[in-house]
Each structure stands twice: as structure tokens, then as C-alpha cells.
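Inspection log for the structure reproduced underneath, given as C-alpha cells.
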Amino acid sequence: MPTIDARWKTILLAGLIAGTLDILAAIFILAGGHGGRVLRFIARGAIGDTAMEGGAGMALLGLVFHFFIATSFAAGYFVVYPRVPLLQRSVWLSGLFYGVFVWAVMQYLVLPLTYNAPAPFSLAGSWKAILILVIAVGLPIAWITHRYYRHHSVR
């Protein structure tokens with residue numbers, strides 16, 4: 001039976017890789033290279049509008065929140081994977097669907113709850129965000145989790 005350490009290392013690795021790819025895509029594809037603004041926007045979800053006026057400390061807090069969220073999604077997938085045989089059939093399909101799931105959770109649950117308003121919807125922006133989350137979050141988390149369970153018992 002695998003150790004708790006091996007499980008946590010896998011979850012943390014998946015969260016770190018997904019979080020890194022996602023934040024880089026958000027900064028360079030969605031925000032034109034304005035990393036501080038992206039990170040302060042993330043912090044704004046917990047701190048409020050004053051986060052946008054903050055400096056490096058507020059950006060760092062946003063980065064911590066971002067990686068917490070990414071690692072939470074990695075942990076969720078890791079826990080569900082052995083219990084849902086459909087996820088085990090194809091890394092590519094499960095990663096694709098998990099990326100769409102992450103987008104839906106962020107778009108319709110997290111953003112409205114943290115910003116106290118529904119997230120604005122734009123078809124072009126949504127497709128870009130979905131594609132980023134599939135490539136940067138869904139596929140890496142699915143692949144890393146699949147790789148772990150391929151070497152360890154699923155049950």
C-alpha cells in the first residue's frame with residue numbers, strides 16, 4: 001500500500017504543475033503580461049477591492065491563493081479517480097472533461113461567490129479560458145494522477 005507521503009507528493013506535484021501552467025497562461029495569454037494585476041485580482045476574491053491597490057505582498061497572497069485552488073482541484077481529482085472507473089479509461093478524455101469541469105466550477109461557483117456577482121460571460125473569452133484550463137489544469141492533473149495509480153493499486 002502506498003504511503004501517505006507518496007499520495008501527498010503526487011497531489012502537490014499535480015497542483016504545482018497545473019498552477020504554474022495556469023498562472024503563466026493567465027498572465028501571458030489573458031492579461032498581456034501583467035502578472036501583478038492578475039495576482040492582485042486573485043487576492044481580491046478574499047480581501048476585497050483594496051487588494052487591487054496593494055503591492056508585491058498582495059500579489060504574493062494572490063499567488064498563494066492560486067496555488068491553493070490548483071492543489072485543491074488536484075486533490076479532488078486524485079481522491080475521485082479510483083472511485084470513478086470512467087476517469088481511468090482515457091487520460092486525454094478525462095483531462096479534457098476535468099478542465100471543462102474546473103472552468104464551470106470557477107465560472108459559476110467560485111467567481112460569483114468571491115466577487116459577489118455573476119462572472120461576465122463572453123463566448124470568445126470562455127472558449128479561451130476553457131482551452132487554457134483543459135491544457136494547463138485538466139490534462140496535467142489527469143496525467144499525473146493516472147501515472148500514480150498505474151504504479152499503485154487503484155483500490
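Would you please list the contacts, defined by Cβ atoms under 6 Å and residues six or more apart or on different chains, that run from a residue in region 82-99 that is more than 9 Å from Ala142 (Cα to Cα) to a residue that is exposed (fewer than 13 other Cβ atoms within 10 Å of the Cβ) and of a type in the set (A, V, I, L, M, F, W, C)?
Pro82/Val154
Considering only residues of region 101-155 that are of a type in the set (S, T, N, Q) and modelled with pLDDT under 95, which is surrounded by the most Cβ atoms within 10 Å (Cβ to Cβ)?
To start, the set of residues in region 101-155 that are of a type in the set (S, T, N, Q) comprises 107, 114, 116, 122, 126, 145, 153.
Cutting the leftovers down to modelled with pLDDT under 95 gives us 107, 114, 116, 122, 126, 153.
Values: Gln107: 18, Thr114: 16, Asn116: 9, Ser122: 10, Ser126: 14, Ser153: 8.
That would be Gln107.
Would you check if Thr50 is surrounded by 12 or more Cβ atoms within 10 Å (Cβ to Cβ), on the phi < 0 side of the Ramachandran plot, part of a helix (DSSP H, G or I) and of a type outside the set (A, V, I, L, M)?
On the way: surrounded by 12 or more Cβ atoms within 10 Å (Cβ to Cβ): no; on the phi < 0 side of the Ramachandran plot: yes; part of a helix (DSSP H, G or I): yes; of a type outside the set (A, V, I, L, M): yes.
Spelling it out, it is not the case that Thr50 is surrounded by 12 or more Cβ atoms within 10 Å (Cβ to Cβ), on the phi < 0 side of the Ramachandran plot, part of a helix (DSSP H, G or I) and of a type outside the set (A, V, I, L, M).
If I filter region 1-11 down to residues being in contact (Cβ under 8 Å) with a residue 60 or more places away in the chain and in a helix (DSSP H, G or I), which single residue comes out as farthest from the chain's Cα centre (by Cα)?
Just the residues of region 1-11 that are in contact (Cβ under 8 Å) with a residue 60 or more places away in the chain, to begin with: 1-2, 6-7, 10-11.
Narrowing further to those that are in a helix (DSSP H, G or I): 6-7, 10-11.
Values: Ala6: 21, Arg7: 18, Thr10: 15, Ile11: 12 Å.
Restricting to residues being in contact (Cβ under 8 Å) with a residue 60 or more places away in the chain and in a helix (DSSP H, G or I), the top hit is Ala6.
Going by the conditions given, is Thr114 more than 14 Å from Phe73 (Cβ to Cβ), touching a residue at least 40 places away in the same chain (Cβ under 8 Å) and among the β-branched types (Val, Ile, Thr)?
The answer is yes for Thr114.
Filter region 67-110 for residues that are touching a Leu at 6+ places or on another chain (Cβ under 6 Å) and among the hydrophobic types (A, V, I, L, M, F, W, C) and give the result. Don't jump to the end; show me each part of the working.
Just the residues of region 67-110 that are touching a Leu at 6+ places or on another chain (Cβ under 6 Å), to begin with: 81, 94-95, 99, 102-103.
The answer is Val102, Trp103.
Between residues in region 60-81 that are farther than 15 Å from Val105 by Cβ and at pLDDT 95 or above and residues that are surrounded by fewer than 18 Cβ atoms within 10 Å (Cβ to Cβ) and among the basic types (Lys, Arg), which pairs lie under 6 Å by C-beta distance while being six or more apart or on different chains?
none
Consider Asp22 against the criteria (1) at pLDDT 95 or above; (2) surrounded by fewer than 17 Cβ atoms within 10 Å (Cβ to Cβ); (3) acidic (Asp, Glu): it satisfies all of them except one. Which criterion is unmet?
Status for Asp22: all satisfied but (2).
Can you confirm whether region 113-125 contains a residue that is assigned to a helix (DSSP H, G or I), under 15 Å from the mean Cα position of the chain (by Cα) and β-branched (Val, Ile, Thr)?
Step one: filter region 113-125 for residues assigned to a helix (DSSP H, G or I), giving 113-115, 123-125.
Subsequent filtering for residues that are under 15 Å from the mean Cα position of the chain (by Cα) retains none.
Checked against the condition, which is being assigned to a helix (DSSP H, G or I), under 15 Å from the mean Cα position of the chain (by Cα) and β-branched (Val, Ile, Thr), region 113-125 yields no hits at all.
For Arg147, all conditions in the list (1) of a type outside the set (Phe, Trp, Tyr); (2) assigned to a helix (DSSP H, G or I); (3) under 25 Å from His34 (Cα atoms) hold save one; what is the number of the exception?
It is condition (3) that Arg147 fails.
The values are calculated or read from the model by the stated rules, or taken from the named source; none is laboratory data. Fair warning: this is a prediction, and the values are worked out from it, not measured in the lab. Reconstructed Cβ throughout: ideal geometry from the backbone, glycine too, with neighbour counts over all protein chains shown.
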